[in-house]
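K.L.:
I have a structure I would like to understand better, so I am pasting it below and will then ask my questions one at a time.
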Amino acid sequence: MPELPHNEEAFTIVDRIYEAAFAAELWPQTLEAISALTRSAGGAIFVVSDHSPLRALGNAHLQPMLDAIMAEGNWNLSQSVQRVFSTQPASFVRMDDLMTGEEIERDPVDASARRFGVTSPAFAPIPMPSGELVLLAFPRWLKGEKHDQIAIDLLNGLRPHFARAGLVAGRLGLERARTAVSVLSEIGLPAAVMSGSGRVLTANGLMEDMADVFVALAHGGMALADEPANTLFQQAIAHNQDNRVVRSIPVPGTKGRPALIVHLLPLRRAAYDIFSGADILVAATAVSISTTVPSPNILSGLFDLTPAEARLAIELAAGRSVQQAAVEIGIAVKSARIYLDRIFRKTGTNRQSQLMALLKSAAVPVRSAAVSSGVAR
């Protein structure tokens, strides 16, 4: 995954992100901590869904601005929002790099933001395999400097954790999960909670019906039927306390079932209490079968690929050789082979043909302009 800088505070924030996924009232403090670390003016998380109105939470300084933007109804008219959705970046980007100063000046959302002393956020849209879209925004102060590369790198290091937390936040509507039972019933995904040793404490009916994917072991354990995927799965369980372990694991599809991504969310702090001492939530999301090539941000979110690895994967999925892909994205062939080895490890594959089949199964339908702009159908 994109690596966090060697910063103890950043690793503490990872725990707080997973905690806030289940205790939504903690998002403001979590976003505030990230803002302080990246010298942002604040932070906001939006959830866009076909089935419910746009929802947004921010830190204390930004929440009045978010409320004003929602009340004014300018979201649909914002060129900045449309630009982010149309470009679909695979990492955090500065709005200053996507739009000219004049375009930003005319943007109604930025005009509202400037009244609160902020402007030009670093943005990252993260499409969820389950259909929602999570949008992260960290604006800068109106009279402050642009986000520097250190801040962008730190945000990109947090992005995969936001992606997994977004699976829960999107389904629970940015509300607090009260019990393990409520989460497993409301999340709408096959899910289970496990102890740190890998023992299943409880699972919902959707997961219990997937005996071809999840295999019961002695003493209450669980494994994945697919051997390469299970290797990554067991590693993620064993190293649950390490915030650098890969926690999104692809499971190849079969004739009767689409490809899946199995996500492991560590239960930390308040989330640990909500789940009565459980350590891990396991959730599975299906990805639609398609002959199209997935976007880089889908790959980054699903498989924890870095932006560079995602770009290479896209070129390979389009049928190019490693040499051709290296030329296309402007890197040395030696670097491309290093990236490919990392992609193999993260996706549980070991051959390029196997990788291409998996990547093509990970394409997610493109959202309509209306939904992308926050209008529920």
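The values are calculated or read from the model by the stated rules, or taken from the named source; none is laboratory data. As the structure is a computational prediction, the values presented were derived from the model and not from experiment. Positions of Cβ are backbone-derived with ideal geometry, glycine not excepted, and every protein chain shown enters the neighbour counts. Note: areas computed on protein heavy atoms with side chains; ligands, DNA, RNA excluded. Shrake-Rupley method; radii C 1.70, N 1.55, O 1.52, S 1.80 Å.
K.L.:
If you go through segment 19-34 one residue at a time, how many are aromatic (Phe, Trp, Tyr) and either farther than 10 Å from residue 270 by Cβ or surrounded by fewer than 19 Cβ atoms within 10 Å (Cβ to Cβ) (or both)?
P.N.:
So the first thing to find is which residues in segment 19-34 are aromatic (Phe, Trp, Tyr), and the list is 22, 27.
Add one more test, that the residue is either farther than 10 Å from residue 270 by Cβ or surrounded by fewer than 19 Cβ atoms within 10 Å (Cβ to Cβ) (or both), and what stays is 27.
Number satisfying all stated conditions: 1.
K.L.:
In this structure, does residue 41 turn out to be assigned to a loop (DSSP other than H, G, I, E, B) and modelled with pLDDT of 90 or more? Walk me through it before giving the result.
P.N.:
On the way: assigned to a loop (DSSP other than H, G, I, E, B): yes; modelled with pLDDT of 90 or more: yes.
So residue 41 fits the description; yes.
K.L.:
If I ask for residues that are more than 24 Å from the chain's Cα centre (by Cα) and not in a loop (DSSP other than H, G, I, E, B), which ones from segment 224-235 would you list?
P.N.:
The answer is 227, and nothing else.
K.L.:
Under 6 Å between Cβ atoms, at least 6 apart or on separate chains: pull out the pairs that start in segment 213-228 with a residue that is over 13 Å from residue 282 (Cα atoms) and end on any residue that is open to solvent by 60 Å² or more (accessible area, probe 1.4 Å) and in a strand (DSSP E or B).
P.N.:
Cβ pairs passing all conditions: 220/199.
K.L.:
Another question, then. Residue 53 passes all but one of (1) in a loop (DSSP other than H, G, I, E, B); (2) touching a helix residue (DSSP H, G or I) at 6+ places or on another chain (Cβ under 8 Å); (3) surrounded by fewer than 15 Cβ atoms within 10 Å (Cβ to Cβ); which number fails?
P.N.:
If we test residue 53 against (1) in a loop (DSSP other than H, G, I, E, B); (2) touching a helix residue (DSSP H, G or I) at 6+ places or on another chain (Cβ under 8 Å); (3) surrounded by fewer than 15 Cβ atoms within 10 Å (Cβ to Cβ), just (2) comes out false.
K.L.:
Keeping to segment 76-86, report how many residues are open to solvent by 20 Å² or more (accessible area, probe 1.4 Å) and modelled with pLDDT under 80. Give the steps one after another, and end with the answer.
P.N.:
Taking segment 76-86 first, the residues open to solvent by 20 Å² or more (accessible area, probe 1.4 Å) are 76-77, 79, 82-83, 86.
Checking which are modelled with pLDDT under 80 leaves us with 76-77, 86.
So the answer is 3.
K.L.:
Checking the condition at pLDDT below 90, more than 19 Å from the chain's Cα centre (by Cα), in a helix (DSSP H, G or I) and of a type in the set (Asp, Glu), which residue from 309, 315 passes? Don't jump to the end; show me each part of the working.
P.N.:
Working: 309 fails: more than 19 Å from the chain's Cα centre (by Cα).
The match here is 315.
K.L.:
Since residue 60 meets every condition but one in (1) at pLDDT 90 or above; (2) outside any loop (DSSP other than H, G, I, E, B), which condition does it not meet?
P.N.:
Every condition holds for residue 60 apart from (2).
K.L.:
Being surrounded by fewer than 20 Cβ atoms within 10 Å (Cβ to Cβ), among the basic types (Lys, Arg) and modelled with pLDDT of 90 or more narrows it down to one of 178, 199, so name that one.
P.N.:
Numbers: 178 fails: modelled with pLDDT of 90 or more.
Just one listed residue meets the conditions, 199.
K.L.:
Of everything in segment 101-147, what is under 24 Å from the mean Cα position of the chain (by Cα) and over 18 Å from residue 84 (Cα atoms)? Give them in sequence order.
P.N.:
129, 130
K.L.:
Now for a different question. Just give me the residues in segment 151-170 being surrounded by fewer than 23 Cβ atoms within 10 Å (Cβ to Cβ) and at pLDDT below 80, in sequence order.
P.N.:
Once the filter is applied, which keeps residues that are surrounded by fewer than 23 Cβ atoms within 10 Å (Cβ to Cβ) and at pLDDT below 80, segment 151-170 yields nothing.
K.L.:
While we're looking at this one, here's another question. Can you name the residue in segment 1-18 that is over 18 Å from residue 264 (Cβ atoms) and part of a helix (DSSP H, G or I) and is also modelled with the lowest pLDDT among such residues?
P.N.:
Residue satisfying both the conditions and the ranking: 8.
K.L.:
I'd like to check something: does segment 35-57 contain any residue that is over 30 Å from residue 267 (Cβ atoms), in contact (Cβ under 8 Å) with a residue 60 or more places away in the chain and not acidic (Asp, Glu)?
P.N.:
First pass over segment 35-57, keeping only residues over 30 Å from residue 267 (Cβ atoms): 39, 41.
Then drop every residue that is not in contact (Cβ under 8 Å) with a residue 60 or more places away in the chain, which leaves 39, 41.
Among the residues that remain, those that are also not acidic (Asp, Glu) are: 39, 41.
Checked against the condition, which is being over 30 Å from residue 267 (Cβ atoms), in contact (Cβ under 8 Å) with a residue 60 or more places away in the chain and not acidic (Asp, Glu), segment 35-57 yields at least one hit.
K.L.:
Now, a different point. Return yes or no: is residue 300 under 25 Å from residue 81 (Cβ atoms) and either modelled with pLDDT under 85 or not in a loop (DSSP other than H, G, I, E, B) (or both)?
P.N.:
Answer is yes for this residue.
K.L.:
So how many residues does segment 87-107 have that are open to solvent by 40 Å² or more (accessible area, probe 1.4 Å) and either touching a residue at least 60 places away in the same chain (Cβ under 8 Å) or in a loop (DSSP other than H, G, I, E, B) (or both)?
P.N.:
The number of residues fulfilling the criteria is 2.
K.L.:
Separate question: Any idea which of (1) of a type in the set (Gly, Ala, Ser); (2) at pLDDT 65 or above; (3) surrounded by 16 or more Cβ atoms within 10 Å (Cβ to Cβ) is the one residue 335 doesn't satisfy?
P.N.:
(3)
K.L.:
I'd like the full set of residues that are in contact (Cβ under 8 Å) with a residue 40 or more places away in the chain, out of contact with any Pro (no Cβ under 6 Å at 6 or more places or on another chain) and not small (Gly, Ala, Ser), limited to segment 11-30.
P.N.:
Selection gives 11, 13, 14, 15, 16, 17, 19, 22, 25, 26, 27.
K.L.:
Let me ask something additional. Residues to consider are 279, 273; find the one that is at pLDDT 75 or above, acidic (Asp, Glu) and open to solvent by 40 Å² or more (accessible area, probe 1.4 Å).
P.N.:
Unique residue meeting the criteria: 273.
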